[in-house]
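Report on one structure; see the data block that follows.
The values are calculated or read from the model by the stated rules, or taken from the named source; none is laboratory data. On a predicted model such as this, the values are computed, not experimentally measured, just so you know. For neighbour counting, all protein chains shown are included, and Cβ atoms are generated from backbone atoms with ideal geometry for every residue, glycine included.
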Amino acid sequence: MDWISSLLLATVRLAIPVLLISLAELYGQRAGMVNIGLEGLASIGALVGFLVCYVTGSNWLGLLCGALAGVIVNMIYAFSTVTLCADHTVYGMAVNIFAPALASFIYRVYFGTGSDLKQITTMSSVAIPGLKDIPVLGPLLFDQSPMVYLTFLLVLFTAIFFGKTRAGLSYKAVGEHPQAAATLGIPVVGVKYLACVICGALSGIGGAYLTTCYSSTYTDGIVAGRGFIALAAVIFGRWSAGGIVLACLFFGFCDALQIRLQVSGIAIPYQFFQMIPYMATVVVLSLIGTRQAGPKANGKPYRREQRLYRAAANSHRVRPLTGFPGLVVLRPGYPGADRRGYRVLDGGLGDTPAALQPQREAQDGAANRQVAAKPTFRCGGI
């Protein structure tokens, strides 16, 4: 019974960093930002949280600075993908390469390459009187560190925010159809940057939790793939707060189980036990990863009408539309055009986009000539 109780207790504690990083990705993907750089953000958060706690002795200040470090590093990804419309996957991988290397470099510069292992005092548990005496569930849920309680409160807030509030609905609209959201007055670019701030902060806190609340030291690779497991947890949880909690508890159980098996004395190389969380991730993704897609605009660059017009004006695929100042014709194959006909943009007459319905192709031999009826204006889309 004690073995099972300790396993369940370790499950909750090991699920918290994955849960924090998963919530970070949830806030990002709900705004259309697919950030696979969670591993790097958590790594820099773990290092900064440890350093600040080592110098000041404050676990809370370490967590706060870990969040700030995650936000700063994630602004590289945010600027590249939101402002420059770069590929999300490429810059997410860049963060995964850059941030852990930066963390390792800072640690060695500060402590030296041949220094002894440095340790700090982890955050103490806070028992809730009365509730902690409940059999089994008491020590499991009500005798934890304050970060455990705050994380589950954050899950509750996230569920209410996305499911019950108007602000949450507007937030999700940016991830589903940013052009339609923009026509409703939602600041799409601002929401995307806000999502990157939240994602960076929560990922940094998830990493700092490992060094200030769970472990008492920092080592290279302390995040140990939890950023990628968090990506799987978001898919496993169907982009919902409740589903993500269950997914993270499952992965936390797998992690706790492999640790218990390593010290059980079974005559099997410990590397096989270390594979358990990652094998579980592969199995989960192979079974349910393609059954439901996330937000429709996930990973797609958002180009406002004015920005797209400027890009179109410099492209050989467009040409001005005679008789309609400020409007240009997009040829099929250009972003914004469909197979049925051409599209036009309002190049300077306001924010309302226009759609031109082609009547017929001129039959006089002039190539790429479009005879158009009166432009039809509609709200939403380009």
Those residues of the range 34-54 that are of a type in the set (S, T, Y) and surrounded by 24 or more Cβ atoms within 10 Å (Cβ to Cβ) come to a total of 1
How many of the residues making up the range 217-246 are of a type in the set (G, A, S) and under 20 Å from Q258 (Cα atoms)?
7
Mind checking whether some residue in the range 90-100 is assigned to a helix (DSSP H, G or I) and under 24 Å from F162 (Cα atoms)?
no
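For (1) within 17 Å of P17 (Cα to Cα); (2) of a type outside the set (F, W, Y); (3) in a helix (DSSP H, G or I); (4) touching a Lys or Arg at 6+ places or on another chain (Cβ under 7 Å), each residue gets a yes or a no:
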position: Y107; (1), (2), (3), (4): no, no, yes, no
position: K118; (1), (2), (3), (4): no, yes, no, no
position: G138; (1), (2), (3), (4): no, yes, yes, yes
position: L150; (1), (2), (3), (4): yes, yes, yes, no
position: V155; (1), (2), (3), (4): yes, yes, yes, no
position: F162; (1), (2), (3), (4): no, no, yes, yes
position: L169; (1), (2), (3), (4): no, yes, yes, no
Being under 17 Å from G242 (Cα atoms) and among the aromatic types (F, W, Y), is that true of even one residue in the range 192-213?
no
Members of the range 197-222 found to be in contact with a Pro (Cβ under 8 Å, 6 or more places away or on another chain), of a type outside the set (S, T, Y) and surrounded by fewer than 21 Cβ atoms within 10 Å (Cβ to Cβ), listed by number
D220, G221
Is it the case, given these coordinates, that Y77 is out of contact with any Gly (no Cβ under 7 Å at 6 or more places or on another chain) and either surrounded by fewer than 17 Cβ atoms within 10 Å (Cβ to Cβ) or in contact (Cβ under 8 Å) with a residue 12 or more places away in the chain (or both)?
no
Only one residue in R304, R317, R331 is out of contact with any Lys or Arg (no Cβ under 8 Å at 6 or more places or on another chain), modelled with pLDDT under 85, among the basic types (K, R) and surrounded by 13 or more Cβ atoms within 10 Å (Cβ to Cβ). Which one?
R304
Taking I229, is it free of Cβ contacts under 8 Å to residues at least 24 places away in the same chain and β-branched (V, I, T)?
no
Close pairs (8 angstrom Cβ cut-off, 6 or more residues apart or separate chains): outside any helix (DSSP H, G or I) in the range 176-192, buried (at least 18 other Cβ atoms within 10 Å of the Cβ) anywhere
H177/A297; L184/A173; I186/A173; I186/V174
Taking interchain pairs and intrachain pairs at least six residues apart, which have beta carbon atoms under 6 angstrom, with the first residue in the range 45-73 and farther than 25 Å from N96 by Cβ and the second surrounded by 24 or more Cβ atoms within 10 Å (Cβ to Cβ) and among the polar types (S, T, N, Q)?
N59/T212
